[in-house]
1. Can you pull the Kirkwood radius for the chain, inverse mean 1/r over Cα pairs, to one decimal in Å?
2. Heavy-atom accessible area per residue, the range 28-71, 1.4 Å probe: how many Å²?
3. Find which of 11, 65, 26 sits farthest along the positive direction of the dipole of the chain, computed with +1 on the beta-carbon of Lys and Arg, -1 on that of Asp and Glu, about the Cα centre.
4. Once the other residues with Cβ under 14 Å from the Cβ of residue 49 are scored (Lys, Arg +1; Asp, Glu -1), what is the net sum?
5. Return the carbon/sulfur percentage of the accessible area of the chain, one whole number, probe 1.4 Å, all protein chains in place.
6. Using a 7 Å offset from the Cα along the Cα-to-Cβ direction at both residue 31 and residue 45, what is the distance between the two label points in nm, to one decimal?
7. Please report the antiparallel percentage of the DSSP beta bridges confined to the chain, to the nearest 5.
8. Sum -39500 (n - 2.57) across every DSSP H segment of at least 4 residues in the chain, then divide by the residue count to get the 222 nm mean residue ellipticity, nearest 500.
Amino acid sequence: QGNDLLMKKTINLAEALSGFSFTIEHLDSRKLYINNTSIIKPQQIMRIIGEGLPIVNSVQKGDLVIVFKKI
């Protein structure tokens, strides 16, 4: 979506209520460690600032947007 990268992540009920952590391999092969300790609701969004695509004629980048779905 523009300069933002969109990712859908499925989590189970226990993860939604008690927290989770996982690793994402970014498009440039870097590993991003995602950790959450708060309650996640269905379709809730987590935005990782500056982990999207580069913005043309700028040093800034878009964001990585993670949308959570429950099993």
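1. Taking every pair of different Cα atoms in the chain, averaging 1/r and inverting gives 12.9 Å.
2. For the range 28-71, the solvent-accessible area averages 72 Å² per residue.
3. The listed residue farthest towards the positive side: 11.
4. Local charge sum for residue 49: -1.
5. Using a 1.4 Å probe with all protein chains present, the chain comes out at 54 percent carbon and sulfur.
6. Taking the simple label geometry, residue 31 and residue 45 are separated by 2.9 nm.
7. 60 percent
8. -2000 deg cm²/dmol
The values are calculated or read from the model by the stated rules, or taken from the named source; none is laboratory data. Computed from a predicted structure; not experimentally measured. All Cβ positions, even for glycine, are placed from backbone atoms using ideal geometry, and neighbour counts span all protein chains on display. SASA here: full protein model, heavy atoms, side chains in, ligands and nucleic acids out. Shrake-Rupley method; radii C 1.70, N 1.55, O 1.52, S 1.80 Å.
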